[in-house]
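Here the structure comes first, spelled out in structure tokens, and everything after it is commentary.
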Amino acid sequence: MSALASFLQVSTTPILATPSSKMRISKPSSSLLVLAGIRTSFAWTPSIRPIATKGIRASLPPSTPVARAPLFIRRGKSSTRLPSSSINTLPPLSTHYERHLPLATDAMAFFDSSPDPFHAVRSASSALESAGFVEWNDRDDREESSIKIVPGGKYYFTRNKSTLVAFAVGKKYEPGKGFKIIGTHTDSPNLKVKPYSKRTTDKNGGSSGVIQIGVECYGGGLWHTWFDRDLGVSGRVFINDEATGKIRQELVKINRAILRIPNLAIHLQTAKEREAFAINKEDHLSPILATAVKESLTAGNSNDDKEKGTDNDADEWMKHQEPLLVQILASTLGIDSKDVVDFELNLFDVQPSSLGGIHSEFVHSSRLDNLASCFLSLRGLIDHVSNNGLENDSDISMIAMFDHEEVGSSSATGAGSPIMGEAVKRISHVLGAGEDSPMLYDRTIQRSFVLSVDQAHAVHPNYASKHEKNHGPKLNGGMVIKRNSNQRYATNGMTGLIVRQIAKKAGLPPIQEFVVRNDCACGSTIGPIISANTGIRAIDMGCPQLSMHSIRETMGTKDLTHGLALFRAFYEHFSLIDNQIED
């Protein structure tokens, strides 16, 4: 099983099962093994060997490297003793968190495989197809080529390869029934490569002797956290395919530290500069790609475009690209540099996600805002259909992962686009409740509901005063409802009550509440945008986390479990709860 496929597996057991005294992983569901907080990469195969250690029992493939693991590793009848220091350095693993680790490791595999919206959508598409969903080309109206949408069917479609909508029709669906929607976003603050990537015009690197590339700030990142990090490049590349005469797209992920933004040594800073880390985003965030010594870079090939002798000498776009960047993209994709005609690239931290805390109670990762919500909504929908949830379902269960939330959602693929409204109309139409049946369509809108899920702010122990004292969400304390009377969030009394009742019906922990202080500005997300554009009721909520918009963020391991349990309960119980509340 591949690393990417690990998070596709569907759990058929209750997410809040009673913990056992020993953790068993008979068939690893992730490429990441967690032993008391230690992650070890492996590719799962049916041939396994037992590992015995105090309080833990797991299984590994024969080729798995073990670091600071148990005292004995048995393969057949033989055994090998590891140094005693391997045992002494094992941190304790609390049984209170053991049952949450399999889901956490699946989530981390998803985070690591999704360094940008394009990869996030590809990861989600692969998961959906493995669960039996089929791609619906909603822009193709030809009768012979259109996939028929029918009760019991499972479908998805994408936009720009960065936004995804997936839905499953209940087998008891009738025209006029509603949509149960979980909305998230695929983008995160990051540094994007500028359209003209070449920043160093002197082939010798100028006074510094290094080659840099130009980058642009996307969203409101904590940019100081990007300094002194090992950075890779990912995104999509447009390729001139001479064989077909067309331009195709390929996703690329260079998962090694080819870029770095170094800090200025303290010895070169003034006393005033040391007091506050102030940066100029144009001058100070340009990453180093390589040294300008020609021989060490290109094995004798010139760094000057004019010396390459390619057809790109006359290409205005290529003249402004850093040759080394184009070369490594082409090499990674197995194509000629001259066939690269454009790209959309962003930088990412190559350090993989990890478990933290003495009991592995935290997940540390890039892009938790908002890949955590994407992963949980994806698993929630897949679990719903895989556990026979469509058998007695009379509604349509849907997830929507939008791009560009971090920059306002006003784009062709953002939550402010017509994508959501058009999807509801098109799907309702083919099922008999479209615009040609206005009464039924209006009823569909009135019976629909959106969980707008975006990460929430947990109380920071060093800055607790930044939170309203009675509305401070805690890590591992459960999902958070976000409220703002000025409509920065879509939650109102009715939508908040519905979600709390769903959680109560499913026996979940009480939902936490977040309200911003009166003397602080309040953020916003996709909930109010979707609700205003479609008229569908909505609530804003999410998992609590720390370090939001940092290159490295933190959330609670248990909150992944809480989130998935709530999403499963939403798809199962929403209609029942909604019918119990007076309009």
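The values are calculated or read from the model by the stated rules, or taken from the named source; none is laboratory data. Note that the structure is predicted; figures quoted are calculated from it, not measured. Note: ideal-geometry Cβ built from the backbone for every residue, glycine included; neighbour counts use all protein chains shown. Calculation scope for accessible area: heavy atoms of the full protein, side chains included, ligands and nucleic acids excluded. Shrake-Rupley method; radii C 1.70, N 1.55, O 1.52, S 1.80 Å.
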Using a ≥ b ≥ c from the Cα gyration tensor of the range 346-455 (square roots of the eigenvalues), is it rounded, prolate or oblate, where a/c under 1.5 gives rounded and otherwise the larger of a/b and b/c decides, a/b for prolate? oblate
Highest mean packing first, using Cβ neighbours within 10 angstrom, the peptides 504-510, 97-103 sort as 97-103, 504-510
Using θ = phi - 60° and the Karplus curve 6.51 cos²θ - 1.76 cosθ + 1.60, what whole-Hz ³J(HN,Hα) does each residue of the range 393-403 get, with Gly and Pro shown as x? 8, 9, 10, 10, 9, 9, 10, 9, 10, 9, 8
Placing each pseudo-label 7 Å from Cα in the direction of the beta carbon, residue 517 and residue 464 end up separated by a distance in nanometres of 1.4 nm
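Arranged from highest to lowest average of other beta-carbon atoms within 10 Å per residue, in what order do the peptides 414-425, 443-454, 107-118 appear? Walk me through the numbers on the way to the answer.
Details: 414-425: 20.2, 443-454: 23.1, 107-118: 25.9.
Put in order of decreasing packing, that is 107-118, 443-454, 414-425.
Between their Cα atoms, which of 466/505; 425/482; 161/338; 177/505 are more than 30 Å away from each other? Don't jump to the answer; show the numbers that get you there.
On the way: 466/505 33 Å; 425/482 28 Å; 161/338 24 Å; 177/505 22 Å.
Table pairs above 30 Å Cα-Cα are 466/505.
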Tally up the carbon and sulfur contribution to the accessible surface of the range 385-485 as a whole percent, 1.4 Å probe, everything protein left in place. 47 percent
Would you mind estimating how fast the range 441-545 diffuses translationally, via Stokes-Einstein at 20 °C and 1.002 mPa s with the Kirkwood radius over Cα pairs, in µm²/s? 150 µm²/s
